[in-house]
Amino acid sequence: LALAPVTAPPASVDGFVREFLHNLNFELGVSLSASSVNDRYLALAQTVRDYLMARWLDDQRRLSEIKPKTVCYLSAEYLLGRQLDNNLLAARLTDVATEALAACGVSLEELREIEVEPGLGNGGLGRLAACFIDSLATMSVPSIGYGIRYEYGIFRQTFVDGQQVEQPDSWLRLGSPWEFPHPEAAQTISFGGHTEKYVDDDGVERSRWIPGWNVLAVPYNYMVPGYHNGRVNTLRLWRAVATSSFDLRVFNSGDYEEAVRAQTYAENISKVLYPEDSTPQGKELRLQQQYFFVAASISDFLENVLGDGVELEKLPSRVIFQLNDTHPVIAVPELMRVLLDERRLDWDDAWAITQQCFAYTCHTLLPEALEVWSVDLLGRLLPRHLEIIYRINEEFLEAVRERFGDDEMRIRNMSIIGEHPYRSVRMAYLATVAGAKVNGVAELHSQLLRDKVLPDFDEFYPGKFTNVTNGVTPRRFIRLANPDLASLITEALGAGWTIDLERLRGLEAYAEDPEFRAKFAAVKASNKRRLSDVLHVRDGFDVSEDHMLDVMVKRLHEYKRQMLKVLHIVTEYEGIASGRVAASAVQPRTFVFGAKAAPGYIMAKRIIHLINAVGKVVNEDPRVEGRLKVLFPPNYNVTLAERLIPAADLSEQISLAGKEASGTGNMKFALNGALTVGTDDGANVEIRQLVGDDNFFLFGMTEPEVEALWAKGYRPADFYQQDDDLRRAIDLIASGAFSDGDRSVFEPIVSNLLYDDRFMVLADYSSYIAAQAQVDAAYADQDAWTRSAILNIARCGFFSSDRSMRDYIDRIWHTPPVL
Ligand code: 26V
């Protein structure tokens, strides 16, 4: 019997209408006239899936025959954003779908707007993973994204009296049309119990794990379509489900309630995304999540992807597991355990294979963000893995001794096991020892990683450390988010730039063309109107198209220095309100914030409160009306980013030098023609090098200057005493002017700035204010500003995540495309 291959429905308006109505009637069980908007959205999503399906199945079949080396991207977070538009675009279906739906009397725009984005990530790290899998699919690189299907993603942020209140993000409530669950392919994942020694049939003494309990990991597959290349890769997210044996044992003992409780316990593992906290460690459930997804992923790769009869020695030629930060690093002892205990390799062979199969990306420099797990917890949850980690460490320290002698200080510093304040496993060290390569995410970050965070390791492993500067996908962040700009670029340069972003260079010449500049300015203005429409419906805000749009969107963290932005706004406000500065002397500006604070991060939440409080006073004061406005739409997410970024004139990238590993928002803004006011930090450094000093507002200390100031002794109160503007701004906050006269509300912020100020806000204040004066002056010449904006776009093609992927492939993965 010749089985007909799966074929896609005809890509015509007629074909699309038929498929859409079929799905509405037969999959959702409603007629067109009786269908809800959600029904129509679900049917549309299914229709798009149907078009992608043949390619997806075909790619899976081909890859299982070709058996190429595959990238397994291990990430606890994927901040995907909405799927519908992206998938329509990738499959070249946008026009057909628009027409087909119109023929059914349905508006595509309306359906787009009801999609709930899967917020399965905290911020930059999760969004980066989403950009990377888009690029890998677009470049036809064999790859699988592995992660967790959280039932609740990043919390929904609301403001009550200006303060953040978190609501659960029940993104699955109205159905999730993009996923394909495979309960039949579940993996069993074990935890707890103990280990025991035994002698195997060959007389070799071995260790084995007798686990205490287990859960099922059920895979949910998502299509990751490449852009216009017919390619569809897979994102596989795991959901925790109780095993029946698990229930049965308790159930047999007759305790029904206990059985239900046990089930709930197991299923908690994939219940909720951890909101990146002010202190990230010490959460047992989080370690369970990490092990759960990497154990399922490794087992899935070995059993289902690798294929039968592959000698394990060849494993490194078939896979590279990329560790997205330390969250998946428990995969290292897990692969060792599988090779040793299940596949019966000896230690040296297993370790040689493991060391070639992993590479590690570090995404931070903050010491408090480097993950450690207490030996106590790890030993309880994963006793066999702890044994393996101890042995890895023993052999590693032995090699260190051989090389450097008995330098106990160095040994203590390099040990994977830390002793203070309690005995713990340093996951970044484990990843560095096990990884074939270790990379930072921007030039400066990679340099500091080698020099400051892991200098001994850099010395011990020459050639292991490298840099791959982050990037962002031009499909989502230019083509979809800014369609008018995309058309303008295509008009000038032809198609092709979307997958070859260096072609944007061609716009340099157009920056000198007054007609092109006028068109660009019109696009910017229209994006502001579009944003205004969105914010009006969403939050009741209005954005004036003749205001400079000054945007700071990113997680709320002290190191990112939203406080510096607040001090600038208060300074501007106080100047005009007090009459010292004529309102007409400043450019009309709307300041926009978007930021979520980790629910447990009290200072970050106070700063959110302050921003809202300052906004309220500024927006209600007639003395600054039409000049200054502050907007803080709640629940900043990928969907809102896609609206805000294309409308922005000014991008705020103002972290203390040496703290922001890279930033990726900075790249998105520059690529949409916003100018940056920024410090010499993260990828800002590279952005400025590329766009040129004339097209970037640099301010603040450099990283060595920061170090020097700490060394000399930093006294923030001195800056307060010596700078009149700064003193007036801080005094105004302290006076209760933004808290109905209550001086206690923001007192903790004020005293933190004056007497602690870990991120040197006061030290960089005057330089920041000066840079903002330059911004004002530059914005007064609209035509020159527009020219700069176009040059930013023209010179930032480097920041495509396609280029990042090429760098990973060349320097780390060695996984060529399979066309
Ligand atoms: C930061 C912190 C800060 C204080 C303590 C708790 C805690 C926990 C986690 C983190 C974030 C670390 C990993 C991360 O998200 N890094 C971000 O990765 C982006 C993609 O590479 C990069 O652009 C950002 O600069 C970097 O902060």
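The values are calculated or read from the model by the stated rules, or taken from the named source; none is laboratory data. If you're wondering where the values come from, they're calculated on a predicted model, not measured in any experiment. Neighbour counts are summed over all protein chains in view; Cβ atoms, including those assigned to glycine, are modelled from backbone coordinates with ideal geometry. Calculation scope for accessible area: heavy atoms of the full protein, side chains included, ligands and nucleic acids excluded. Shrake-Rupley method; radii C 1.70, N 1.55, O 1.52, S 1.80 Å.
The figures follow:
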quantity	calculated
Lysines with Cα under 25 Å of Lys67, excluding same-chain neighbours fewer than 8 positions away	Lys314, Lys437
Over the chain: Rg over Rh, Cα atoms, Kirkwood Rh	0.97
Among the listed pairs Lys283/Lys554; Lys197/Lys464; Lys596/Lys629; Lys69/Lys596; Lys524/Lys629, those beyond 28 Å (Cα-Cα)	Lys197/Lys464; Lys69/Lys596
Dipole of segment 138-211, positive direction: furthest Cα of Phe191, Trp178, Tyr146, with charges on the beta-carbon	Trp178
Stokes-Einstein D (µm²/s) once Rh is taken as the Kirkwood radius of segment 256-318 over alpha-carbon pairs, at 20 °C in 1.002 mPa s	146 µm²/s
Cα lying deepest toward the dipole's positive end in segment 1-125, options Tyr73, Leu111, Met53, charges on Cβ	Tyr73
From the C-alpha gyration tensor of segment 1-71, square roots of 5λ in Å	31, 14, 10
Fully extended contour minus Cα-Cα distance, from Asp255 to Lys283, at 0.36 nm per residue	7.2 nm
Alpha-carbon radius of gyration plus Dmax, which is the widest Cα pair, for segment 461-516 in Å	15.6, 55
Per-selection metrics, segment 528-613 (Cα): Rg and Dmax in Å	14.6, 42
Segments 385-396, 440-451 sorted - mean Cβ within 10 Å per residue, highest first	440-451, 385-396
Net dipole in debye of the chain [+1 Lys, Arg Cβ; -1 Asp, Glu Cβ; about Cα centre; nearest 20]	740 debye
Sequence-distant residues sharing a close amide H with Ala597 (under 5 Å, placed H)	Leu556
Per-q log10 I(q)/I(0), segment 399-495, q = 0.12, 0.16, 0.20, 0.25 Å⁻¹ (Debye; single scatterer per alpha-carbon; no solvent)	-0.56, -0.76, -1.01, -1.27
Two-decimal log10 I(q)/I(0) for segment 474-805, as the Debye equation yields it once each C-alpha is a single scatterer, q = 0.07, 0.14, 0.16 Å⁻¹	-0.27, -1.12, -1.44
Nonlocal amide H pairs with Ile148, under 5 Å, H built at 1.01 Å	Trp238
Residue among Phe516, Thr590, Thr490 farthest towards the positive dipole end of segment 474-805, charges placed on Cβ	Thr490
All lysines inside 22 Å of Lys519 as judged from Cα atoms, apart from same-chain residues fewer than 8 positions distant	Lys528, Lys668
Order by protection proxy (mean Cβ within 10 Å, highest first), peptides 140-149, 79-88, 510-519	140-149, 79-88, 510-519
Sequence ranges 37-49, 744-756, ranked by mean other-Cβ count within 10 angstrom, highest first	37-49, 744-756
Size of segment 423-553 as Cα extents on the principal axes (Å, biggest first)	58, 39, 21
Per residue, in Å², the accessible surface of segment 615-707 once ligands and nucleic acids are set aside, probe 1.4 Å	28 Å²
Where trypsin sites (Lys or Arg not before Pro) fall in DSSP loop in segment 721-792, at most 16 other Cβ within 10 Å	Arg743, Arg758
Rounded percent of accessible protein surface that carbon and sulfur make up, segment 626-682, 1.4 Å probe	40 percent
J(HN,Hα) series, segment 363-373, from Karplus relation 6.51 cos²θ - 1.76 cosθ + 1.60, nearest Hz, glycine and proline x	10, 8, 10, 6, x, 6, 9, 7, 5, 10, 10
Radius ratio Rg over Rh of segment 166-263, counting only Cα atoms, Kirkwood formula for Rh	1.15
Amide proton proximity set for Ser662, modelled H, under 5 Å, gap of 5+	Ala683
Kirkwood Rh, Cα atoms: Rg over Rh of segment 706-746	1.16
Added length on full extension, which subtracts the Cα-Cα distance from 0.36 nm per residue, Asp346 to Asn268	24.5 nm
Stokes-Einstein D for segment 89-222, Kirkwood Rh over Cα pairs, 10 °C, 1.306 mPa s (µm²/s)	80 µm²/s
